[in-house]
Amino acid sequence: MGFFRKLWDKIKYGDYGEFIDDLDDDYVDAAKMEEVLLKHNEVNMHDGTQRVKYIRHCFEEAAEAAKEIDKLTYEYSLVTSYLTDMEEIDALPDKSKIEQYAKRLSDLAKERNKHRDHIYAMPEAQFNQMEQMEGDIKEACKKLQDTENYLSLIKQDLNRLEGEKHAYKYRKHELITAMQNAKGMTMICACAVLVTLVMLLVLQYGLGMDTQIGYIITIGAAAIAITWLYVRYSDSSRELKKLEKQTNRLILLQNTVKIRYVNTVNLLDYLCMKYRVSNARELQVMWEKYEVEKAERQKYKEANSECVFYEEELISELSKYNVKDPGIWIHQAEALFNPKEMVEIRHGLIVRRQKLRSQMEYNRTIANNASQEVKDLVEEYPQYAKEILQIVSEYE
């Protein structure tokens, strides 16, 4: 089975579907599910070049959507893993030791905070967040900065493409007007020649005048005028056809950039929500503050071996069960004995998962639309079915 056939099956029925279908449909952001693919009724399917470009464009859109789904699936699995850990902890028959260690760890943390507030300026929640991200904070800063830069470039491309599109529309209007004017001038010239010939006939046969030179001048002028109008009309017609092809190519390119824009905006929104910042600069400032404060806190923590002891005991106790990442609970120990805190953390993870699911559903729709477009082409244009299926076979 070919690559793209596997791609359709994976998106519709396989691994991606399992992740996407385990949440309610209400989680999908309908505002971002708009169809952006160029429909084949907007393309001249009887033009071989446009037809081939459009079919290949459909497959390229599907490939890019599948690539995005692969990236989102990993993050989705990670968030789901955290939620699974919560379910495992909630289902434990005896949580007394865990709650004891967590309560003691939380009390020690609060006690230290009383003496530390006048020394450290960074809020505890923000410090804990940065501590959890310490291993990949540099990559996170770079990814956020790169995403912002990439979004800026995409916006520039969209503005440029929109400008070109308006320029094409304006030029198209000019060409159509020129062709209409040429037709009108041709009719005027024809009428003028006819009137002149009638006048010459009256002068020749009614008054007996020699009008041979008049005939020659009239016919010569008419030939020159009609030739000039024909050349002008032909040039405008050829340019108009060329302009229509360029417009279709521009629309295909604009659709590709729009899809990238939506995916990049979604990614940027998710990263900002994940790191709880508004932009890359804010995350960088937080990291710089964290590095300074970490050194100070480390000195303070070295004098608090009891806190270290309970951290180790809590990790050891959680490791006895099916908790995949017990170390993360050190930074949110209160949730282990405070149901309200556990509910808030769970809600945050569910919101993250909803966001991911919406992005995955969006890209699956893009891939499905591309597949359906090719099927519709085969049904609507059976005379090109053999050619279309041959192109499909190239991607299998």
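Within the stretch 265-275, is even one residue over 21 Å from the mean Cα position of the chain (by Cα) and either at positive phi or loosely packed, with under 14 Cβ neighbours inside 10 Å (or both)?
Initially, the stretch 265-275 is screened for residues over 21 Å from the mean Cα position of the chain (by Cα), giving none.
No, there is no match, as no residue in the stretch 265-275 is over 21 Å from the mean Cα position of the chain (by Cα) and either at positive phi or loosely packed, with under 14 Cβ neighbours inside 10 Å (or both).
For residue 370, indicate whether it is assigned to a helix (DSSP H, G or I), aliphatic (A, V, I, L, M) and within 30 Å of residue 46 (Cα to Cα).
Numbers: assigned to a helix (DSSP H, G or I): yes; aliphatic (A, V, I, L, M): yes; within 30 Å of residue 46 (Cα to Cα): yes.
Yes: the conditions hold for residue 370.
For the stretch 329-369, how many residues are closer than 16 Å to residue 106 by Cα and surrounded by fewer than 15 Cβ atoms within 10 Å (Cβ to Cβ)?
Residues meeting the conditions: 2.
Looking at the stretch 298-316, is at least one residue surrounded by fewer than 16 Cβ atoms within 10 Å (Cβ to Cβ) and within 16 Å of residue 89 (Cβ to Cβ)?
Initial filter on the stretch 298-316 (surrounded by fewer than 16 Cβ atoms within 10 Å (Cβ to Cβ)): 298-306, 308-309, 312, 316.
Restricting the remaining residues to those that are within 16 Å of residue 89 (Cβ to Cβ) gives 316.
Scanning the stretch 298-316 turns up at least one residue that is surrounded by fewer than 16 Cβ atoms within 10 Å (Cβ to Cβ) and within 16 Å of residue 89 (Cβ to Cβ).
Here are 89, 20, 11, 55: which of them is at pLDDT 80 or above and in a helix (DSSP H, G or I)? Show your work before the answer.
Working: 20 fails: at pLDDT 80 or above; 11 fails: at pLDDT 80 or above; 55 fails: at pLDDT 80 or above.
After applying the criteria, what remains is 89.
Residues checked against (1) more than 30 Å from residue 276 (Cα to Cα); (2) at pLDDT below 90:
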site: 338; (1), (2): no, yes
site: 347; (1), (2): no, no
site: 355; (1), (2): no, no
site: 361; (1), (2): no, no
site: 370; (1), (2): yes, yes
site: 373; (1), (2): yes, yes
site: 376; (1), (2): yes, yes
site: 385; (1), (2): yes, yes
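On the basis of being assigned to a helix (DSSP H, G or I) and either under 19 Å from residue 87 (Cβ atoms) or touching a residue at least 12 places away in the same chain (Cβ under 8 Å) (or both), does residue 322 make the cut?
On the way: assigned to a helix (DSSP H, G or I): no; either under 19 Å from residue 87 (Cβ atoms) or touching a residue at least 12 places away in the same chain (Cβ under 8 Å) (or both): yes.
For residue 322, the condition - assigned to a helix (DSSP H, G or I) and either under 19 Å from residue 87 (Cβ atoms) or touching a residue at least 12 places away in the same chain (Cβ under 8 Å) (or both) - is not met.
Only one of these conditions is not met by residue 257: (1) over 30 Å from residue 179 (Cβ atoms); (2) free of Cβ contacts under 8 Å to residues at least 40 places away in the same chain; (3) surrounded by 13 or more Cβ atoms within 10 Å (Cβ to Cβ). Which number is it?
Among (1) over 30 Å from residue 179 (Cβ atoms); (2) free of Cβ contacts under 8 Å to residues at least 40 places away in the same chain; (3) surrounded by 13 or more Cβ atoms within 10 Å (Cβ to Cβ), residue 257 violates only (2).
Take the stretch 139-168 and flag every residue that is free of Cβ contacts under 8 Å to residues at least 12 places away in the same chain and of a type outside the set (A, V, I, L, M). Break it down into steps so the answer makes sense when it comes.
Narrowing the stretch 139-168 to residues free of Cβ contacts under 8 Å to residues at least 12 places away in the same chain: 139, 142, 146, 149, 152-153, 156, 159-160, 163, 166-167.
Answer for the stretch 139-168, where residues must be free of Cβ contacts under 8 Å to residues at least 12 places away in the same chain and of a type outside the set (A, V, I, L, M): 139, 142, 146, 149, 152, 156, 159, 160, 163, 166.
I'd like the full set of residues that are small (Gly, Ala, Ser) and loosely packed, with under 12 Cβ neighbours inside 10 Å, limited to the stretch 176-223.
Within the stretch 176-223, the first condition is being small (Gly, Ala, Ser), and the residues that meet it are 178, 182, 184, 190, 192, 206, 208, 214, 220-223.
Of everything in the stretch 176-223, those that are small (Gly, Ala, Ser) and loosely packed, with under 12 Cβ neighbours inside 10 Å turn out to be 184, 206, 208, 220, 223.
Of the residues 245, 294, which single one is more than 25 Å from residue 169 (Cα to Cα), of a type in the set (Lys, Arg) and either in a helix (DSSP H, G or I) or in contact (Cβ under 8 Å) with a residue 24 or more places away in the chain (or both)? Give the derivation first.
Numbers: 245 fails: more than 25 Å from residue 169 (Cα to Cα).
The conditions single out 294.
Within 29 Å of residue 74 (Cβ to Cβ), more than 24 Å from the chain's Cα centre (by Cα), in contact (Cβ under 8 Å) with a residue 40 or more places away in the chain and assigned to a helix (DSSP H, G or I): is that true of residue 233 in this structure? Please lay out each step first, then the result.
Values: within 29 Å of residue 74 (Cβ to Cβ): no; more than 24 Å from the chain's Cα centre (by Cα): yes; in contact (Cβ under 8 Å) with a residue 40 or more places away in the chain: yes; assigned to a helix (DSSP H, G or I): yes.
So residue 233 does not fit the description; no.
Residue 209 passes all but one of (1) of a type outside the set (Val, Ile, Thr); (2) more than 59 Å from the chain's Cα centre (by Cα); (3) in a helix (DSSP H, G or I); which number fails?
(3)
Can you confirm whether residue 176 is touching a residue at least 24 places away in the same chain (Cβ under 8 Å) and either touching a helix residue (DSSP H, G or I) at 6+ places or on another chain (Cβ under 6 Å) or closer than 30 Å to residue 239 by Cα (or both)?
Numbers: touching a residue at least 24 places away in the same chain (Cβ under 8 Å): yes; either touching a helix residue (DSSP H, G or I) at 6+ places or on another chain (Cβ under 6 Å) or closer than 30 Å to residue 239 by Cα (or both): yes.
In short, yes.
Looking at 126, 180, 100, which is the one that is under 30 Å from residue 268 (Cβ atoms) and part of a helix (DSSP H, G or I)?
Working: 180 fails: under 30 Å from residue 268 (Cβ atoms); 100 fails: under 30 Å from residue 268 (Cβ atoms).
Criteria check complete, one pass: 126.
The values are calculated or read from the model by the stated rules, or taken from the named source; none is laboratory data. On a predicted model such as this, the values are computed, not experimentally measured, just so you know. Please note: Cβ atoms are built from the backbone with ideal geometry, for glycine as well, and neighbour counts cover all protein chains shown.
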